[in-house]
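The values are calculated or read from the model by the stated rules, or taken from the named source; none is laboratory data. Small disclaimer: the values here were computed from a predicted structure and weren't measured. Counting neighbours? That spans all protein chains shown, and the Cβs are built from the backbone with ideal geometry, glycine included.
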Amino acid sequence: MKRATRKRGTSIPGLGRPQLLELYYYLQLTRQTENLLSNLYRQNKVVGGLYRSLGQEGVAVGSAYALRRATDGTGDVIASAVRSLGALFVLGVKPADVLMQYMAKAGGPTAGREQNIHFTDLDLGYIGLISHLGVMVEVMAGVALTFKLRNEPRVALTWTGDGAASTGAFHEGFNLAAVQRAPLVVIIENNAYAYSTPVSRQTAAESFVIRAPAYGVFGDQCDGNDVFAVYAMTRNAVARARRGEGAALLEVETYRRLGHAEHDNQHYVPAGEVAAWEAKDPVTRFENRVKAEKWLNETELAGVRQRVEAEVETARAAAEASPLPEATLALAEVTGGSAPTPPWTRQDPPRRVL
């Protein structure tokens, strides 16, 4: 009996072949950019720390891809966590800007005043990270509340680690959003460790999403190394928030395959644990599924990888060529002298001020 030939196509809602190729592009852009940053770090060309997302790229890319994106400050808004580089790429941040930011070059988004992903672009819908754990939940609760007060159909989204989910700032910010039914989606990245502290040492709960009923909000959980599952879960939560159904608490189960930062040798990780999670790599799983389902073929995937490789190399050359900032620029936009941004009121039309 002749076996039926499977036709090409996709059954993932909202994801046709162009979208699948785009998702893979962002996954590869994240992976290859961070690989380059690791090399630059070892050459002492990165100023400050380097916090990679190896093994977690599917969380940032899959969730950000579910948002409404714009380039004029009218789309959804995110606040990144330290391992959410992929989300910045989805929103439109260029790899050259990321490299120059890490290298503290004059051509970077903050002209060398800050490092890594501490920069903001309100037109693209991105608010720069504040390092204090849990604080971005408070910030984004405020952003989401402005959307509600202005009757804007926009959603605020942020990520936080399992460790930060146990801070007071997380609770205070998320509880406010829950009570106010603000359109805020918070994704807890349960990657097994808060620096070197395992989850079992910092919470007695069986999961983090179990807290959702206590806040009175929608909750959901999925495999964070499955890009499709992350996209579908976030897409649903974002749609609910946009319809006025309030905040959502999501949890993704994933794993940080490198140390907290490049200086961390992971001496606290049990033998064999990293290798076990390497077999669940989100990029490899994406490749295997799209080929098995005949949604994409290896030639198409290879073409994306080659395109990204060329783009990252071009970005590297631009970043290397960018000069270091002049010392006098350190005071620009810091001291007084420029006109302050006027405050907004509830009656104001939508603007870039949040």
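Side notes on the structure shown:
For (1) free of Cβ contacts under 8 Å to residues at least 12 places away in the same chain; (2) of a type outside the set (Val, Ile, Thr); (3) surrounded by 14 or more Cβ atoms within 10 Å (Cβ to Cβ), each residue gets a yes or a no:
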| residue | (1), (2), (3) |
| --- | --- |
| Ala232 | no, yes, yes |
| Val283 | no, no, yes |
| Lys294 | no, yes, no |
| Ala327 | yes, yes, no |
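- The single condition from (1) at pLDDT 95 or above; (2) under 23 Å from the mean Cα position of the chain (by Cα); (3) surrounded by 12 or more Cβ atoms within 10 Å (Cβ to Cβ) that Glu300 fails is (2).
- Test result for Gly244, of a type outside the set (A, V, I, L, M, F, W, C) and either without any contact (Cβ under 8 Å) to a residue 40 or more places away in the chain or in a helix (DSSP H, G or I) (or both): no
- Among the residues of the stretch 164-188, the ones that are crowded, with 24+ Cβ neighbours inside 10 Å and not hydrophobic (A, V, I, L, M, F, W, C) come to 2 in all.
- The test for being out of contact with any Ser or Thr (no Cβ under 8 Å at 6 or more places or on another chain) and not aliphatic (A, V, I, L, M) does not hold for Asp123.
- Single match in Leu23, Leu36 (criterion: closer than 22 Å to Cys222 by Cα, aliphatic (A, V, I, L, M) and not in a loop (DSSP other than H, G, I, E, B)): Leu23
- Some residue of the stretch 97-113 being among the small types (Gly, Ala, Ser) and under 22 Å from Val137 (Cβ atoms): no
- The set of residues in the stretch 172-222 that are under 28 Å from Glu152 (Cβ atoms), of a type in the set (Phe, Trp, Tyr) and in a strand (DSSP E or B) contains only Phe218.
- You will find that of Leu124, Leu133, the residue that is within 20 Å of Ala194 (Cβ to Cβ) and surrounded by fewer than 21 Cβ atoms within 10 Å (Cβ to Cβ) is Leu133 and no other.
- Across the stretch 189-211, the qualifying residues are those that are farther than 29 Å from Leu23 by Cα and touching a helix residue (DSSP H, G or I) at 6+ places or on another chain (Cβ under 9 Å), and the one among them that is surrounded by the most Cβ atoms within 10 Å (Cβ to Cβ) is Arg211.
- Test: residue in the stretch 208-227 that is touching a residue at least 60 places away in the same chain (Cβ under 8 Å), closer than 30 Å to Asn288 by Cβ, out of contact with any Pro (no Cβ under 8 Å at 6 or more places or on another chain) and not hydroxyl-bearing (Ser, Thr, Tyr): no
- Any pair with Cβ under 8 angstrom, 6 or more apart, that starts in the stretch 142-162 at a residue that is under 14 Å from Ala178 (Cα atoms) and ends at one that is hydroxyl-bearing (Ser, Thr, Tyr) and buried (at least 17 other Cβ atoms within 10 Å of the Cβ): Leu157/Ser63; Leu157/Thr234
- Hey, Asp72 assigned to a loop (DSSP other than H, G, I, E, B) and within 26 Å of Ala318 (Cα to Cα) or not: yes
- Residue tally, condition among the acidic types (Asp, Glu) and in a helix (DSSP H, G or I), over the stretch 89-147: 2
- Of everything listed in (1) in contact with a Phe, Trp or Tyr (Cβ under 9 Å, 6 or more places away or on another chain); (2) over 19 Å from Ala192 (Cβ atoms); (3) surrounded by fewer than 19 Cβ atoms within 10 Å (Cβ to Cβ); (4) among the hydrophobic types (A, V, I, L, M, F, W, C), the single unmet condition for Ala214 is (1).
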